[in-house]
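Novice: Here's a structure for you.
The values are calculated or read from the model by the stated rules, or taken from the named source; none is laboratory data. Note that the coordinates shown come from a computational prediction; the quantities given were computed from them, not determined experimentally. No Cβ is skipped: glycine too gets one built from the backbone with ideal geometry, and neighbour counts run over all protein chains shown. Only protein heavy atoms, including side chains, enter the accessible area calculation; ligands, DNA and RNA are left aside. Shrake-Rupley method; radii C 1.70, N 1.55, O 1.52, S 1.80 Å.
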Amino acid sequence: MINALGLLRQRRFLPLFTTQFLGAFNDNLFKTSMVLFATYTVFNDAGQEANFNALATGLGILPFFLLSALAGQLADSHDKARIIRLVKTAEIGIMAIGSAGLIAAKLGHVTAGLSLMLGAVLLLGIHSTFFGPIKYAILPQHLRPCDVLGGTGLVEAGTYLAILLGTVTAGFLVRLPVGWTIGAVIGFAVIGLFAGRQVPPAPREGPLLRLNYNPFTASWRLIAATLHIPRLFLAICAISFFWTIASVLIIVFPPLVKNVLTADEQVASAAIAVFSVGVALGSVIINTMLKGNISARYSPMSVIAMGGFVVLFSILSRNWTPAAAGQLYGWTGFLAQPGAIPILLTLLAIAVTGGMFVVPLYAFLTTTVERDQTARTVAANNVVNAGAMTLGSVAVLGITALGATPENMLLLVAGMCLVSAWIAQRLHRACD
């Protein structure tokens, strides 16, 4: 991984890394600001908060399900650097719409404000759908084969560090006038466009494709052309279970912090930041362990450990001493509680093991197919991931309606980790 850091000095990698970093930062800055506003200002019920978070998650996922096939076709048949520039230009307009929602909500037009913000989330999902296949598929085109795993790990680590900074920044800006948040999201979108313009050309490799614009037939054909290959089927299934787990955690976490740990926005922001640091650390650790070799041999035990830490997190949450009625712990008050450090360390461990599980699988997808098929392979993965995450979101809504608490939902996550481990073990035995 130390050698992989040298990629940050090279134009074949640094502009892409910077563009992805700024995009993840800005996306998370806006979404976290919206979720914190809705959770702590608009709603006062754990069920409503979970439902809003599930709706926001679903809107962000929907474009992956409908448009990933088209995104993969475009990336494999056109210059990927040109698509990056177009996508980053669109981000500026999307953030303007989200900013209008923030202004409306702050002025008391809550319904209109939330509608505009959710619309921006949907558009950000479209933005990510078209950028997603490129950020992985471009790596084998620009990097040497021995650098692809390191580059993938750096992209993943950078993404979660960006999430960390976006989360912390949102927790800070939420207490300032709304103009600060608006200036930040639009400003970073502009900077991201300038970074994207520096990405070296990445023209298509292979014959020009005849594009299928029907989202349903295109998705079906893309999946059928990918999942019949056993190694890709197993890798995509393992990644999809991971993101289903992630979608459940994303939905239940803000209500859990507020209603179980009885903590305020800054604690919620800091806890998400700890999670982001953990995934970045996991990306670095697994790169070091594998020494640049792309293999799933550590993935089964990583996700089993993740499930064990999720169970521990649930136990610690049940034994937490809540704040006085009507009160929420601030950061200082939260840390003063005897269970605070174990909770944060357990959350960090969940994230580290999660990063160790998923990074080699993404590198596996982009290096075991022909270069002119990498974007479509990643796109097929995104379609299946989106479907899995949607099912996870719907399951949260249904189980929450039956009265399940956030700490009980964590046990469902732990069970899903075992399924992911089984799939990853099959992949390891078949391909390593």
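Novice: Between a residue in the stretch 352-370 that is at pLDDT 75 or above and any residue that is of a type outside the set (V, I, T) and not in a helix (DSSP H, G or I), which pairs come within a Cβ distance under 7 Å, given they are 6 or more apart or on different chains?
Specialist: M356/Y298; P360/S295; P360/A296; L361/A296; F364/A296
Novice: Which numbered condition in (1) closer than 30 Å to Q48 by Cβ; (2) open to solvent by less than 40 Å² (accessible area, probe 1.4 Å); (3) of a type outside the set (K, R); (4) out of contact with any Lys or Arg (no Cβ under 8 Å at 6 or more places or on another chain) is the only one that S115 fails?
Specialist: (2)
Novice: Quick check, is A340 out of contact with any Gly (no Cβ under 7 Å at 6 or more places or on another chain) and without any contact (Cβ under 8 Å) to a residue 24 or more places away in the chain?
Specialist: Details: out of contact with any Gly (no Cβ under 7 Å at 6 or more places or on another chain): yes; without any contact (Cβ under 8 Å) to a residue 24 or more places away in the chain: yes.
For A340, the condition - out of contact with any Gly (no Cβ under 7 Å at 6 or more places or on another chain) and without any contact (Cβ under 8 Å) to a residue 24 or more places away in the chain - is met.
Novice: Test of understanding: among F241, F233, which residue is open to solvent by 30 Å² or more (accessible area, probe 1.4 Å), at pLDDT 85 or above and of a type in the set (F, W, Y)? Can you show your working first?
Specialist: Values: F241 fails: at pLDDT 85 or above.
Of F241, F233, the one residue that is open to solvent by 30 Å² or more (accessible area, probe 1.4 Å), at pLDDT 85 or above and of a type in the set (F, W, Y) is F233.
Novice: Here's another thing I want to ask about it. Report yes if some residue within the stretch 264-281 is under 21 Å from the mean Cα position of the chain (by Cα) and over 30 Å from P322 (Cα atoms); otherwise report no. Explain how you work it out, then say what you get.
Specialist: The initial filter retains those residues of the stretch 264-281 that are under 21 Å from the mean Cα position of the chain (by Cα), namely 265-281.
Checking which are over 30 Å from P322 (Cα atoms) leaves us with 280-281.
Yes - at least one qualifying residue is present in the stretch 264-281.
Novice: Name the residue that is modelled with the highest pLDDT, counting only residues in the stretch 1-59 that are open to solvent by 10 Å² or more (accessible area, probe 1.4 Å), in contact with a helix residue (DSSP H, G or I) (Cβ under 6 Å, 6 or more places away or on another chain) and in a loop (DSSP other than H, G, I, E, B).
Specialist: R12
Novice: Looking only at residues that are of a type in the set (G, A, S) and within 30 Å of R11 (Cα to Cα) in the stretch 194-230, which one is modelled with the lowest pLDDT? Lay out the reasoning, then the answer.
Specialist: At the first step, the residues of the stretch 194-230 found to be of a type in the set (G, A, S) are 195-196, 202, 206, 218-219, 224-225.
From what is left, the residues that are within 30 Å of R11 (Cα to Cα) are 195-196, 202, 206.
Details: A195: 96, G196: 95, A202: 91, G206: 74.
So, considering only residues that are of a type in the set (G, A, S) and within 30 Å of R11 (Cα to Cα), the one modelled with the lowest pLDDT is G206.
Novice: Scan the stretch 81-100 and tell me whether some residue there is touching a Gly at 6+ places or on another chain (Cβ under 7 Å), modelled with pLDDT of 90 or more and open to solvent by 10 Å² or more (accessible area, probe 1.4 Å).
Specialist: Checked against the condition, which is being touching a Gly at 6+ places or on another chain (Cβ under 7 Å), modelled with pLDDT of 90 or more and open to solvent by 10 Å² or more (accessible area, probe 1.4 Å), the stretch 81-100 yields at least one hit.
Novice: Which residues, counting only those in the stretch 185-204, are more than 26 Å from L143 (Cα to Cα), among the aliphatic types (A, V, I, L, M) and either in contact with a Leu (Cβ under 6 Å, 6 or more places away or on another chain) or open to solvent by less than 10 Å² (accessible area, probe 1.4 Å) (or both)?
Specialist: Listed by number, the residues that qualify are V185, A189.
Novice: Here is a list of conditions, (1) open to solvent by less than 60 Å² (accessible area, probe 1.4 Å); (2) under 24 Å from A280 (Cα atoms); (3) in contact with a Ser or Thr (Cβ under 7 Å, 6 or more places away or on another chain), and A323 meets all of them except one; can you say which number that is?
Specialist: Status for A323: all satisfied but (2).
Novice: Need the failing condition index for T217 against (1) open to solvent by less than 40 Å² (accessible area, probe 1.4 Å); (2) among the polar types (S, T, N, Q); (3) assigned to a helix (DSSP H, G or I), just the number.
Specialist: If we test T217 against (1) open to solvent by less than 40 Å² (accessible area, probe 1.4 Å); (2) among the polar types (S, T, N, Q); (3) assigned to a helix (DSSP H, G or I), just (1) comes out false.
Novice: Another question about this same structure. Mind listing whichever residues of the stretch 327-351 are outside any helix (DSSP H, G or I) and either surrounded by fewer than 16 Cβ atoms within 10 Å (Cβ to Cβ) or at pLDDT below 85 (or both)?
Specialist: First, pick out the residues of the stretch 327-351 that are outside any helix (DSSP H, G or I): 327-330, 336-339.
Within the stretch 327-351, Q327, G330, A336, P338, G339 meet the criteria.
Novice: Mind telling me which of the residues L427, L410, L397 ends up being in contact (Cβ under 8 Å) with a residue 24 or more places away in the chain, more than 24 Å from S302 (Cα to Cα) and in a helix (DSSP H, G or I)?
Specialist: Selected residue: L397, the only one of L427, L410, L397 that is in contact (Cβ under 8 Å) with a residue 24 or more places away in the chain, more than 24 Å from S302 (Cα to Cα) and in a helix (DSSP H, G or I).
Novice: Working carefully through the options T89, T111, T159, find the one that is free of Cβ contacts under 8 Å to residues at least 12 places away in the same chain and either assigned to a helix (DSSP H, G or I) or farther than 22 Å from L74 by Cα (or both). Break it down stepwise before answering.
Specialist: On the way: T89 fails: free of Cβ contacts under 8 Å to residues at least 12 places away in the same chain; T159 fails: free of Cβ contacts under 8 Å to residues at least 12 places away in the same chain.
Result: T111 is the single residue among T89, T111, T159 that is free of Cβ contacts under 8 Å to residues at least 12 places away in the same chain and either assigned to a helix (DSSP H, G or I) or farther than 22 Å from L74 by Cα (or both).
Novice: Oh, and also: Name the single residue, out of those in the stretch 162-176 being modelled with pLDDT under 80 and assigned to a helix (DSSP H, G or I), that is most open to solvent (accessible area, probe 1.4 Å).
Specialist: Among those that are modelled with pLDDT under 80 and assigned to a helix (DSSP H, G or I), it is V168.
Novice: How many residues does the stretch 415-431 contain that are open to solvent by 10 Å² or more (accessible area, probe 1.4 Å), in contact with a Phe, Trp or Tyr (Cβ under 9 Å, 6 or more places away or on another chain) and closer than 17 Å to L249 by Cα?
Specialist: 2
Each row is one residue, and each column tells you yes or no for (1) in contact (Cβ under 8 Å) with a residue 24 or more places away in the chain; (2) out of contact with any helix residue (DSSP H, G or I) (no Cβ under 9 Å at 6 or more places or on another chain); (3) under 30 Å from L418 (Cβ atoms); (4) in a helix (DSSP H, G or I).
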site	(1), (2), (3), (4)
V190	yes, no, no, yes
V199	yes, no, no, no
G206	yes, no, no, no
R221	yes, no, no, yes
T226	yes, no, yes, yes
I250	yes, no, yes, yes
K258	yes, no, yes, yes
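Novice: Hey, another quick one. Specify which of the listed residues (V267, V260, V279, V303) is of a type outside the set (S, T, Y) and open to solvent by 20 Å² or more (accessible area, probe 1.4 Å). If you could, list the steps in order and put the result at the bottom.
Specialist: Numbers: V267 fails: open to solvent by 20 Å² or more (accessible area, probe 1.4 Å); V279 fails: open to solvent by 20 Å² or more (accessible area, probe 1.4 Å); V303 fails: open to solvent by 20 Å² or more (accessible area, probe 1.4 Å).
Testing whether each residue is of a type outside the set (S, T, Y) and open to solvent by 20 Å² or more (accessible area, probe 1.4 Å) leaves just V260.
Novice: Shifting gears a bit: In the stretch 229-239, is there at least one residue being more than 16 Å from the chain's Cα centre (by Cα) and outside any helix (DSSP H, G or I)?
Specialist: yes
Novice: Further question: Find the residue count for the stretch 179-188, including only residues that are farther than 30 Å from R11 by Cα and in contact with a helix residue (DSSP H, G or I) (Cβ under 8 Å, 6 or more places away or on another chain).
Specialist: Of all residues in the stretch 179-188, those farther than 30 Å from R11 by Cα come to 179-182.
Now restrict to residues that are in contact with a helix residue (DSSP H, G or I) (Cβ under 8 Å, 6 or more places away or on another chain): 180-182.
Adding up the residues that qualify gives 3.
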